[in-house]
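Peer 1: Once you've had a glance at the structure underneath, I'll fire off some questions.
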Amino acid sequence: MEKRFVFSFLTLGISSIVGQSLFLRELMISFYGNEFFVGVVLAFWLVWVGIGSLVCEIILKKIKNHLFLLSVFQISFSFFLFSEIFLIRYLKGQFFGLEIPNLFHSFLGASLLPFPICFLLGGWWTIATKIFSEIKREISSINFAYFLECLGFIFGGVLFSFLLVRVDSFLVANFLILLNLLGVMLFLFSEKNFLFLKSLTLFLFLISFFLFFSPFLRKLAKVSAGFWFSNQKLIESQNTFYGNVEITKIDSQYNFFENGIYLGSEKDFEFAEKFSHLSLILHSNPEKVLLIGGGISGFLREILKHPVGMVYYLELDPKLIEISEKFISQDLKNFLFNARVKIVNEDGIYFLKNAKENFDFILVNLPSPSTVLINRFYTKEFFQLAKEKLKEDGIFAIYLPYSPSSPNKNLENLCSSVFKTLKNVFEKTIVLPEDEIFFFASKSEKLDYNPKLFTERFEERKIQTNFLTKEYINYRVTSERIKRAIEVFEKNEISKTNQIFFPISYFWQILFWLDLFSVKFSNLFKVFAFSFLPLSVSILIFLAIYLCKNKEGRIKSLVSVGVAGFSLMALETILIFAYQAIVGYLYFRIALLISLFMLGMSLGVYCGNKKIKDKKPEIFILLKPHLFLSCFSLLLIPILIFIFKIPFLGIAEILLFSMSIVSGFLGGMIFPLANTFYLSFEKEISKKTGIIYSVDLIGSSIGALISPLVIIPVYGVFANLIVISFLNLWLILILRQKLEQ
């Protein structure tokens, strides 16, 4: 009986990480890769698992047949996951929105959709640990179960990262159905009872097995993927190393999306003409040009109308070009595969770190900084790299949305942040504001507004355009809106320099997006974000007074677990953010990062179990792990700075993976220590297995929600690490105060 439950805990870990990865993958597409909603999903995932665990504590007192209940929970999980993937895709087209996600629908979706499967996961843990502890009758049995779940996490994460990530979600969900049905059969079929449940399990297993060989799942995947684009025809959808690439069609126009973000269309000629030509006529001889993003939507054609010798076109995902090639016009193909174009499938930051060439012009054609991944191209660090790779008279160009006729304060803050960041790096910065604001920056003071020079170069190069005219060029460079925009930016005191580890522009972009749905909510969120730290300090002071007066050690062990959960999830969020910001892609690696984190936790749990074996648990055993967490958080600050400066992508990845393992290890040690101390007060261990697990999850959910939504964008990554360090030191003082009484 005992060995069969080992497989159940391993399956729980595999199901949790694969299910979470599938959910995040589907919702990242639905919410356009925005970390705002990724944080919401992770936080509520943990909350619902914790609630499921607590509720099952109550259910177990009323239902005596625990083995039957475990079987129902384990079978139901996989089928709910399968159904919810379909539901997410349906809701994407119906409620979440295509161009801009609907705030309230999206928030409800991110918070409520994980509930059924998370509730089942939490209940699964509580039921299984109760049965397991009744068999073993040892406190260490709960720690061993936790260790097995962590091992399942690791295996599942590696499996998803290197194999399942390229497979459609329905096929992966069906794999989990098979795995869980097999697990149920292992511990059911040796029992004398449960004839109906045995028959049902076997029947479902056979159906799930044959589905792999039928075309049903593939047809369902294609039909459901089309839900994302209710007003367009989905032509192609593929999972790649870097994300999900979709091609849609409206009439005769093909549109390109990656992770739900609109990249452009093959007929987006007007914007391509305006941005590329208004940029390149600033330079007297743009012989060597670097284009980051957007080459498939007409920019290469416009750039090559200038006397350009070579265009380096950076597109991280080679599959995007490979898939798009099937649908773009022959005219665009001729420019895409022109002899003067060199396609480079590499991240922009690492390309600039290692490039030996210097460029006359660097043109960034990317969406607004609505995600951490995109925000990095609007930071001081990126601008400095670009400056280093520009020739003496070289020019850098980037753009943002703007609205001079109906100004929005948060949009002005966003543009002001980017403007100040450019001015902080380059000697000269000019702007051309309209519905989009074009930023141009250079090391040379020669960069200036000169309508005569603009129009003369436009005519000399004999550029043929459909939308851009000499009159329009003259209007853009002499507009009164230029002076007004610069005044607004320079007088703005609240907007700061945007940095890799202090992504304030990303925060303003989020607030601008929130304004589109509710200005009141946006203002409330802003007030909360800027008052978060003083509010948190006040809460900790009152909590410290209560804990110092309360001499019950069990309460302090629960607080220890909550602080450890917050710290670990905050560290995990920071490392996920750092991977996204430093390496440049997360879609393929998120499951591996989480798995390595769980590997560290498994080692930590093992060491924690070994430390308390045959020893009477005391509250002071929690001091050292929290001190290590505090010191490690501070040590991560110089480590992250060092990792960002490394020009070699592989080394940076290895170091970030290593930090994930260390983070998990330090937190993993705390759970068995605090758990053993807490349960040492209980006569019947099996009655309290879910409480400390729930506290751990609730603390983790707060860390998952607060770090990406408030602390990182408003105060920065380094401030977040200081908060973690301070919180653990705060707990150490409380634990020591208990010892001194």
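The values are calculated or read from the model by the stated rules, or taken from the named source; none is laboratory data. Given the structure is predicted, the values throughout are model-derived calculations rather than measurements. With ideal geometry, Cβ positions are generated from the backbone for all residues, glycine too; neighbour counts draw on all protein chains shown. Note: accessible area is taken over every heavy atom of the protein model, side chains too, but ligands, DNA and RNA are not part of it. Shrake-Rupley method; radii C 1.70, N 1.55, O 1.52, S 1.80 Å.
Peer 1: In segment 415-438, how many are part of a helix (DSSP H, G or I), open to solvent by 50 Å² or more (accessible area, probe 1.4 Å) and touching a strand residue (DSSP E or B) at 6+ places or on another chain (Cβ under 8 Å)?
Peer 2: Going through segment 415-438 one residue at a time, the tally reaches 1.
Peer 1: Select, from His306, His277, the only residue that is in a helix (DSSP H, G or I), touching a His at 6+ places or on another chain (Cβ under 9 Å) and farther than 22 Å from Gly584 by Cβ.
Peer 2: His277
Peer 1: Something else now. Looking only at segment 619-631, count how many residues are modelled with pLDDT of 90 or more and open to solvent by 20 Å² or more (accessible area, probe 1.4 Å).
Peer 2: 3
Peer 1: Separate question: Cβ-Cβ distance below 7 Å, separation of 6 or more or different chains: which pairs start in segment 218-237 with a residue that is farther than 16 Å from Lys326 by Cβ and end on one that is of a type in the set (A, V, I, L, M) and at pLDDT 75 or above?
Peer 2: Once the first residue is farther than 16 Å from Lys326 by Cβ and sits in segment 218-237, its partners that are of a type in the set (A, V, I, L, M) and at pLDDT 75 or above give Ala225/Leu234; Gly226/Leu234; Gln232/Ile250.
Peer 1: Let me ask another. Which of the following residues is open to solvent by 10 Å² or more (accessible area, probe 1.4 Å) and of a type in the set (A, V, I, L, M, F, W, C): Ile574, Ile555, Ile582?
Peer 2: Matching residue, one of Ile574, Ile555, Ile582: Ile555.
Peer 1: Something else about it: Somewhere in segment 393-400, is a residue under 33 Å from the mean Cα position of the chain (by Cα), under 23 Å from Lys645 (Cβ atoms), of a type in the set (Gly, Ala, Ser) and assigned to a strand (DSSP E or B)?
Peer 2: Within segment 393-400, not a single residue is under 33 Å from the mean Cα position of the chain (by Cα), under 23 Å from Lys645 (Cβ atoms), of a type in the set (Gly, Ala, Ser) and assigned to a strand (DSSP E or B).
Peer 1: For segment 44-83, give me each residue that is part of a helix (DSSP H, G or I), among the polar types (S, T, N, Q) and farther than 27 Å from Leu108 by Cβ.
Peer 2: Ser71, Gln74
Peer 1: With respect to Leu535, is the statement that it is open to solvent by 40 Å² or more (accessible area, probe 1.4 Å), over 30 Å from Phe657 (Cβ atoms) and in a helix (DSSP H, G or I) true?
Peer 2: So Leu535 fits the description; yes.
Peer 1: When you go through (1) surrounded by 14 or more Cβ atoms within 10 Å (Cβ to Cβ); (2) within 29 Å of the chain's Cα centre (by Cα); (3) at pLDDT below 80 one by one for Asn231, which number turns out not to apply?
Peer 2: With (1) surrounded by 14 or more Cβ atoms within 10 Å (Cβ to Cβ); (2) within 29 Å of the chain's Cα centre (by Cα); (3) at pLDDT below 80 applied to Asn231, the lone miss is (1).
Peer 1: Do you know which residues across segment 94-126 are at pLDDT below 65 and outside any helix (DSSP H, G or I)?
Peer 2: Gly97, Leu98, Glu99, Ile100, Pro101, Asn102
Peer 1: What pairs can you find where one residue is in segment 340-365 and closer than 14 Å to Val289 by Cβ, the other is hydroxyl-bearing (Ser, Thr, Tyr) and open to solvent by 10 Å² or more (accessible area, probe 1.4 Å), and their Cβ atoms are less than 7 Å apart, with a gap of 6+ or different chains?
Peer 2: Lys342/Tyr312; Val344/Tyr312
Peer 1: Across segment 446-485, what is the total count of residues that are in contact (Cβ under 8 Å) with a residue 60 or more places away in the chain, assigned to a helix (DSSP H, G or I) and surrounded by fewer than 13 Cβ atoms within 10 Å (Cβ to Cβ)?
Peer 2: Result for segment 446-485: 0.
Peer 1: Residues of segment 139-171 being under 22 Å from the mean Cα position of the chain (by Cα) and open to solvent by 10 Å² or more (accessible area, probe 1.4 Å), which ones?
Peer 2: Listed by number, the residues that qualify are Phe153, Ile154, Phe155, Val158, Leu159, Phe162, Leu163, Leu164, Arg166, Val167, Asp168.
Peer 1: Is it the case that some residue within segment 234-248 is open to solvent by less than 50 Å² (accessible area, probe 1.4 Å), within 27 Å of Gly13 (Cβ to Cβ), of a type in the set (Gly, Ala, Ser) and in a loop (DSSP other than H, G, I, E, B)?
Peer 2: yes
Peer 1: Let me ask another. Would it be correct to say that Glu412 is open to solvent by 10 Å² or more (accessible area, probe 1.4 Å), assigned to a helix (DSSP H, G or I), farther than 20 Å from Gly293 by Cα and at pLDDT 90 or above?
Peer 2: Spelling it out, Glu412 is indeed open to solvent by 10 Å² or more (accessible area, probe 1.4 Å), assigned to a helix (DSSP H, G or I), farther than 20 Å from Gly293 by Cα and at pLDDT 90 or above.
Peer 1: State all residues of segment 486-520 that are assigned to a helix (DSSP H, G or I), in contact with a helix residue (DSSP H, G or I) (Cβ under 6 Å, 6 or more places away or on another chain) and open to solvent by 30 Å² or more (accessible area, probe 1.4 Å); if no residue qualifies, say none.
Peer 2: Passing the criteria: Val488, Phe512.
Peer 1: Please tell me if Phe162 is at pLDDT below 85 and closer than 22 Å to Leu67 by Cβ.
Peer 2: no
Conditions tested, residue by residue: (1) at pLDDT 85 or above; (2) surrounded by fewer than 21 Cβ atoms within 10 Å (Cβ to Cβ); (3) within 27 Å of Leu705 (Cα to Cα).
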| position | (1), (2), (3) |
| --- | --- |
| Ser78 | no, no, yes |
| Lys92 | no, no, yes |
| Ala173 | yes, no, yes |
| Leu181 | yes, no, no |
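Peer 1: Please go through segment 297-317 and give me each residue that is touching a strand residue (DSSP E or B) at 6+ places or on another chain (Cβ under 8 Å), touching a residue at least 40 places away in the same chain (Cβ under 8 Å) and open to solvent by 10 Å² or more (accessible area, probe 1.4 Å), ordered by number.
Peer 2: Residue satisfying the conditions is Tyr312 alone.
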